[in-house]
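**Q** Pasting a structure here, questions to come.
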Amino acid sequence: MYDDVLIPTDGSDTVSETLDHALPIAAANDATVHALYVVDSRITAAASDADASTLAQSLEAEGQDAVADIETRAADDGLETTGEIQSGTPAKTILEYADEQGIDLIVIGTRGKSPREKVTSLGSVSERVVDNASVPVFVVRDAGT
């Protein structure tokens with residue numbers, strides 16, 4: 001049913017809970033696990049010219065660690081993995097990756113936000129992915145919220 005499962009990561013603790021759900025689904029379907037970290041280009045664009053390069057390098061290093069964590073955990077379960085770091089707007093980049101790679105399922109974590117937090121942050125990446133994905137999306141809510 002699912003040949004390719006995408007797990008977007010931001011390196012947060014929520015990803016561990018997301019993997020608790022995503023990896024059994026991937027294993028049951030002998031699916032390839034795709035780990036994707038998106039360096040948010042809006043953050044680097046807002047930085048001063050002097051800081052933008054350093055910030056981008058820091059975010060990319062964070063992304064490498066986050067992707068490696070998923071790859072290691074999936075490999076420990078005997079799953080084939082692929083990892084990638086891209087730059088862009090997170091939700092848009094996740095959706096583009098899913099379309100380009102023929103992803104069958106996106107498993108994404110979310111942190112519960114109050115209505116006030118949703119307004120101030122203009123929604124969440126997971127909400128945008130759910131609203132615009134052309135494939136099923138499994139959303140894992142952080143149990144700590």
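The values are calculated or read from the model by the stated rules, or taken from the named source; none is laboratory data. Quantities reported herein were computed from a predicted structural model and do not represent experimental measurements. Here the Cβ is made from the backbone with ideal geometry for all residues, glycine too, and neighbour counts use every protein chain on show.
**Q** Where in the range 1-101 are there helices (runs of 4 or more DSSP H), lying fully within it, with 3 or more residues that are more than 17 Å from residue 139 (Cβ to Cβ) and either within 12 Å of the chain's Cα centre (by Cα) or polar (S, T, N, Q) (or both)?
**A** Where helices (runs of 4 or more DSSP H) fall fully within the range 1-101 and carry at least 3 residues being more than 17 Å from residue 139 (Cβ to Cβ) and either within 12 Å of the chain's Cα centre (by Cα) or polar (S, T, N, Q) (or both), they are 49-76, 90-101.
**Q** Out of the range 28-45, which residues are in contact with a helix residue (DSSP H, G or I) (Cβ under 9 Å, 6 or more places away or on another chain) and among the aliphatic types (A, V, I, L, M)?
**A** If the condition is that a residue be in contact with a helix residue (DSSP H, G or I) (Cβ under 9 Å, 6 or more places away or on another chain) and among the aliphatic types (A, V, I, L, M), then 31, 33, 35, 36, 38, 39, 43, 45 are the ones that fit.
**Q** Within the range 101-132, which residues are modelled with pLDDT of 95 or more and in contact with an Asp or Glu (Cβ under 9 Å, 6 or more places away or on another chain)?
**A** 101, 102, 103, 104, 105
**Q** Now for a different question. Just give me the residues in the range 40-71 being out of contact with any Gly (no Cβ under 6 Å at 6 or more places or on another chain) and hydrophobic (A, V, I, L, M, F, W, C), in sequence order.
**A** Within the range 40-71, 43, 45, 46, 47, 50, 52, 55, 56, 59, 61, 68, 70 meet the criteria.
**Q** Can you tell which of 18, 9, 54, 14 is more than 18 Å from residue 82 (Cα to Cα), surrounded by 17 or more Cβ atoms within 10 Å (Cβ to Cβ) and either in contact (Cβ under 8 Å) with a residue 60 or more places away in the chain or among the hydroxyl-bearing types (Ser, Thr, Tyr) (or both)?
**A** 14
**Q** Another question, if that's okay. Checking residue 73 against (1) crowded, with 18+ Cβ neighbours inside 10 Å; (2) among the charged types (D, E, K, R); (3) modelled with pLDDT under 95, which single condition isn't satisfied?
**A** Checking residue 73 against (1) crowded, with 18+ Cβ neighbours inside 10 Å; (2) among the charged types (D, E, K, R); (3) modelled with pLDDT under 95, the one that fails is (3).
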